[in-house]
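Following: one structure in C-alpha cells, then a few remarks.
The values are calculated or read from the model by the stated rules, or taken from the named source; none is laboratory data. This is a predicted model, so every value here is computed, not measured. Positions of Cβ are generated from backbone atoms using ideal geometry, with glycine treated the same way; all protein chains shown enter the neighbour counts.
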Amino acid sequence: MTDYFVYTGCTTPVRLPAYEAATMAVLKHLGVNAHHMKDVNCCGAQYIESLNRSAFAAMSGRILAIAERFGKDVIAICGACSGSLKHVKHMLDTEPDLKAEVNEILAEEDLEYTGKVEVKHLLQILRDEVGYDAIRRAIVQPYNGVKLAAHYGCHVTRPAEIVQVDDPEVPRSIDDIIEACGGDAVDYAGKVRCCGGPMLAMDEKVATAIGSEKITNVKAAGAKGIVTACVFCNIQLTQVQFGEGGEPKDRIPVLTLPQFMGAAMGIDEETLGMPLNKISPDVLLEFAHRIESKVIRREQEAKR
Amino acid sequence: MGARTETNKGLEIEHTPSSNFAKEIEAEPGGEGISKCIQCGICTASCAVSSFSDRYRPRQLIQKIIIGKRDEVLQSDLPWLCMTCRLCEERCQEGVSPAEIFQAVRHIATREGHIPEVFKSTAEKALSDGWLLGDAYSDFIEDDRDDLGLDTDLGWDNEFTHRLKKKYFSGGEGD
Ligand code: SF4
Ligand code: SF4
Ligand code: SF4
C-alpha cells in the first residue's frame, strides 16, 4: 500500500487543529499509512501565487520534492493547498523550462522534482483508496437519516481537469460519504458556489454576504449540518453564523469530513476534537450516534 | 440573489483599442485565452463576488483589457478581488478563464509595483516566516494541539523562502 505524507498547510494546525487530529485518526482507523510532514513551507497559494509564478512553483515544488525524496505521495486536506500542489505539479510536468528553474533552486538542498509524486485530496483517498464499502463497514454509529449538506470547496474540485477530484458542477463524493455514514445528503441552491473565504482579505463584507447566502440555502433545504473538505470553508461557514443577527439557536454545526465520519466510526469525541468546535455538533451526534451507541453498548454488554 | 445591474453597453466594443494591452496579457502565462472572449457575460452571472459587490464584474474587467485600458486595470484593485473559485471558467462556453486572466494581470501589476497592501504584507510574511500563521500560533493553541495528541513543534522551514525572496523579490515586493 502507498505511504502518504499529510501536508496540513499553514492554516489547519493553528486555526483548526481538530481537523488535523480527526484526519489522522480516521485515516489510521481505515488503514491508510499517513505520516506527518516536517521542514516544509507554505504552498504559496493565493498570495505568492498572485505575485510571481516561478516563486509559487518553487514553493509548492519543494513540498512535492520532499515527498519524492521519502518515496511518499501527498494527501492535502485544504482546498487551497491541494489546488496549489496539483496545479504546480501540472505546471512542472508540462513546462520543462519552469521545472529546470525550480530544480536549480531545489538542488541547493539536494532536492529534485521529477514528477513521480502524486497529490491527492483527502476525498480522493476516501473514495478511491479506501472505498465506500470499507467506509460503510467501519460505521458503527450511523447518523440515522439526519439531513446534511455537503460543501465541496471550489479549490477542491476546480479546475476539474487538473485536480481530478469530482464533477465540478455535480459533485458526489461528500454526498456519498454522508450517505455511507447513514446521513441523508440534501441538495441546495448554489451548492458548487464558493464559501467566500478567499474574499476575506480584500472585502470582509462581501465575503460574509457570500457565506451567509450559502447558510441560508443550506437551511432552506432542511439540512441540520454542513460537511466540508477544506479548512477555509469550514472556518468561513462557521464564522459567518456569528455575525449580526446570527442567533445561537439558529446556528447549524459545520463538521470537517473526518470529524463527521470519525464520530460514526466510533472514534471518541476528544480524539476528533469535537469539544473545540465553535458550534456544538451535539444536535447531529444526538440525533444519531448517541442513541444508536446505547443500543450498541447494550449489545456489547450482552455478548460479554 | 443580489441584483446584477451590469449594463450591456460592453457588447458594442470599440474596435480600436487604445493600447496593446490585450496582446500583452495574451503573452503572459494564463492570459492566452483572452482573445476568445465574446463578452457574453456568463462569467459575471455566475460570479459570487458580483452577486454581492456592486463594483466587481469579470466581463467588464475583461472588456477593459480588450479595449486597452492598461493603466486603469493595472492600478485598480479589481483584478485582486477574484477568488479564483473558477465557477466562471467552468461555465464560460468559449473556454476562457477570467480567473487565469486576472492572475496574469496581477503578475504584470506586481512587476510594476501595484500590489494591494494585504497581498504585499501576507506574501512578505510567507517569505520571511516560511508560513502564514506564525503570529497567530499562541500558547493557547499549542495547548489545544497537545490535548489533541498533536505535535506542538510545527517545524516550518523558512531558509528556502528567504532564498526565494532574494531571487524573486529583491528590490521589489516587500523590501
Ligand atoms: S470554498 Fe472557499 S475556502 Fe474552500 S476551496 Fe473554495 S474558495 Fe477555498
Ligand atoms: S469570459 Fe467567457 S463567460 Fe465571460 S464574457 Fe468572456 S466569453 Fe463570456
Ligand atoms: S473565479 Fe473570480 S471571476 Fe470567476 S466566478 Fe470566481 S470570483 Fe468570480
Discussion item. Restricting to the range B:52-99, count the residues that are β-branched (Val, Ile, Thr) and near ligand 2 (Cβ under 10 Å from one of its atoms).
Written reply: 3
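Tally time: how many residues in the range B:148-169 are of a type in the set (D, E, K, R) and either more than 8 Å from chain A (Cβ to nearest Cβ) or on the phi > 0 side of the Ramachandran plot (or both)?
Filtering the range B:148-169 for residues of a type in the set (D, E, K, R) gives B:151, B:153, B:157, B:159, B:163, B:165-167.
Still in the list and also either more than 8 Å from chain A (Cβ to nearest Cβ) or on the phi > 0 side of the Ramachandran plot (or both): B:153, B:159, B:165-166.
Within the range B:148-169, residues that are of a type in the set (D, E, K, R) and either more than 8 Å from chain A (Cβ to nearest Cβ) or on the phi > 0 side of the Ramachandran plot (or both) number 4.
Every residue in the range B:143-156 that is within 17 Å of A:Met274 (Cα to Cα) and of a type outside the set (A, V, I, L, M, F, W, C), please.
First pass over the range B:143-156, keeping only residues within 17 Å of A:Met274 (Cα to Cα): B:143-150.
Within the range B:143-156, B:Asp143, B:Asp144, B:Arg145, B:Asp146, B:Asp147, B:Gly149 qualify.
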Practice prompt. Return yes when B:Ala136 is at the interface with another protein chain (Cβ under 9 Å from one of its Cβ atoms), more than 23 Å from A:Val102 (Cβ to Cβ) and out of contact with any Asp or Glu (no Cβ under 6 Å at 6 or more places or on another chain) and no when it is not.
Written response: yes
Practice prompt. Test each condition in (1) part of a loop (DSSP other than H, G, I, E, B); (2) over 19 Å from A:His36 (Cα atoms) for A:Gly71 and report the one that comes out false.
Written response: (2)
Worksheet item: Can you find even one residue in the range A:202-209 that is within 11 Å of another protein chain (Cβ to nearest Cβ), under 30 Å from A:His90 (Cβ atoms) and within 16 Å of ligand 2 (Cβ to nearest atom)?
Response: no
Worksheet entry | helices (runs of 4 or more DSSP H) wholly inside the range A:199-304 that include at least 3 residues being modelled with pLDDT of 95 or more and surrounded by fewer than 21 Cβ atoms within 10 Å (Cβ to Cβ) | A:204-220
Discussion item. Of everything in the range A:28-56, what is assigned to a helix (DSSP H, G or I), buried (at least 22 other Cβ atoms within 10 Å of the Cβ) and in contact with a strand residue (DSSP E or B) (Cβ under 8 Å, 6 or more places away or on another chain)? Give them in sequence order.
Written reply: none
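Go through the range B:67-99 and give me each residue that's away from chain A (no Cβ under 14 Å), among the charged types (D, E, K, R) and part of a loop (DSSP other than H, G, I, E, B). If you could, list the steps in order and put the result at the bottom.
First pass over the range B:67-99, keeping only residues away from chain A (no Cβ under 14 Å): B:67-73, B:75, B:94.
Filter again for among the charged types (D, E, K, R), leaving B:69-72, B:94.
Passing the criteria: B:Lys69, B:Glu94.
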Worksheet item: If we scan the range A:182-193, do we find a residue that is at pLDDT below 95, within 16 Å of ligand 3 (Cβ to nearest atom), surrounded by 24 or more Cβ atoms within 10 Å (Cβ to Cβ) and within 14 Å of chain B (Cβ to nearest Cβ)?
Response: no
Item to complete: Pairs only if they're at least six apart or on different chains, beta carbon under 9 angstrom, first in the range A:149-164 and farther than 14 Å from A:Leu123 by Cα, second away from ligand 2 (no atom under 16 Å from the Cβ) and of a type in the set (Val, Ile, Thr); list them, first residue then second.
Response: A:Ala149/A:Ile178; A:Ala149/A:Val186; A:Ala149/A:Val218; A:Ala149/A:Ile226; A:Ala149/A:Val227; A:Ala149/A:Ile252
Worksheet item: Looking at (1) farther than 22 Å from B:His162 by Cβ; (2) at the interface with chain B (Cβ under 9 Å from one of its Cβ atoms), which is the one condition that is false for A:Thr11?
Response: (1)
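Please verify whether A:Glu213 is among the acidic types (Asp, Glu), closer than 21 Å to A:Pro275 by Cα and without any contact (Cβ under 8 Å) to a residue 24 or more places away in the chain, treating the condition exactly as stated. I'd like the intermediate steps shown before the answer.
Details: among the acidic types (Asp, Glu): yes; closer than 21 Å to A:Pro275 by Cα: no; without any contact (Cβ under 8 Å) to a residue 24 or more places away in the chain: yes.
Answer is no for this residue.
Can you work out which of the residues in the range B:54-66 that are within 14 Å of chain A (Cβ to nearest Cβ) and within 16 Å of the chain's Cα centre (by Cα) is farthest from ligand 3 (Cβ to nearest atom)? Reasoning before the result, please.
First, the residues of the range B:54-66 that are within 14 Å of chain A (Cβ to nearest Cβ): B:54-58.
Next cut, within 16 Å of the chain's Cα centre (by Cα) only: B:55-58.
Values: B:Arg55: 13, B:Tyr56: 8, B:Arg57: 9, B:Pro58: 4 Å.
Selected residue: B:Arg55.
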Practice prompt. Determine if the range B:122-144 includes at least one residue that is touching a residue at least 12 places away in the same chain (Cβ under 8 Å) and basic (Lys, Arg).
Written response: no
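Out of all the residues in the range A:146-163, which are more than 16 Å from ligand 2 (Cβ to nearest atom), within 14 Å of chain B (Cβ to nearest Cβ) and of a type outside the set (Asp, Glu)? Give the derivation first.
Our first condition is that a residue be more than 16 Å from ligand 2 (Cβ to nearest atom); within the range A:146-163, this holds for A:146-157, A:160-163.
Next, only the ones that are within 14 Å of chain B (Cβ to nearest Cβ) stay: A:151-157, A:160-163.
Within the range A:146-163, A:His151, A:Tyr152, A:Gly153, A:Cys154, A:His155, A:Val156, A:Thr157, A:Ala160, A:Ile162, A:Val163 meet the criteria.
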Worksheet entry | All positions within the range A:130-167 that are within 16 Å of ligand 3 (Cβ to nearest atom) and buried (at least 21 other Cβ atoms within 10 Å of the Cβ) | A:His151, A:Tyr152, A:Gly153, A:Cys154, A:His155, A:Val156, A:Thr157, A:Arg158, A:Pro159, A:Val163
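May I ask you to say which residue of B:Cys43, B:Cys47 is within 16 Å of ligand 1 (Cβ to nearest atom) and crowded, with 21+ Cβ neighbours inside 10 Å? Before the answer, list the steps.
Details: B:Cys43 fails: within 16 Å of ligand 1 (Cβ to nearest atom).
Answer to the check: B:Cys47.
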Practice prompt. State which residue pairs qualify: first residue closer than 14 Å to A:Gln164 by Cα and assigned by TED's automatic domain parsing to the domain that holds A:Glu118 and inside the range A:61-84, second residue of a type in the set (Ser, Thr, Tyr) and within 16 Å of ligand 3 (Cβ to nearest atom) in any location, beta carbons under 9 Å apart, and separation of 6 or more residues or different chains.
Written response: A:Ala76/A:Ser84; A:Gly79/A:Tyr152; A:Gly79/A:Thr157; A:Gly83/B:Thr84
Worksheet item: List the pairs whose first member sits in the range B:75-99 and is under 22 Å from B:Phe21 (Cα atoms) and hydroxyl-bearing (Ser, Thr, Tyr), whose second member is part of a helix (DSSP H, G or I) and more than 9 Å from ligand 3 (Cβ to nearest atom), and whose Cβ atoms are under 8 Å apart, counting only residues at least 6 apart or on separate chains?
Response: B:Thr84/A:His155; B:Thr84/B:Gln103; B:Ser97/B:Gly33
Discussion item. Could you go through the range B:156-172 and let me know if any residue there is in contact with a Lys or Arg (Cβ under 7 Å, 6 or more places away or on another chain) and in a loop (DSSP other than H, G, I, E, B).
Written reply: no
Worksheet item: Filter the range B:100-117 for residues that are touching a Phe, Trp or Tyr at 6+ places or on another chain (Cβ under 9 Å) and without any contact (Cβ under 8 Å) to a residue 40 or more places away in the chain; which is farthest from ligand 2 (Cβ to nearest atom)?
Response: B:Pro116
Worksheet item: Quick check: is even one residue across the range B:115-132 more than 8 Å from chain A (Cβ to nearest Cβ) and in a loop (DSSP other than H, G, I, E, B)?
Response: no
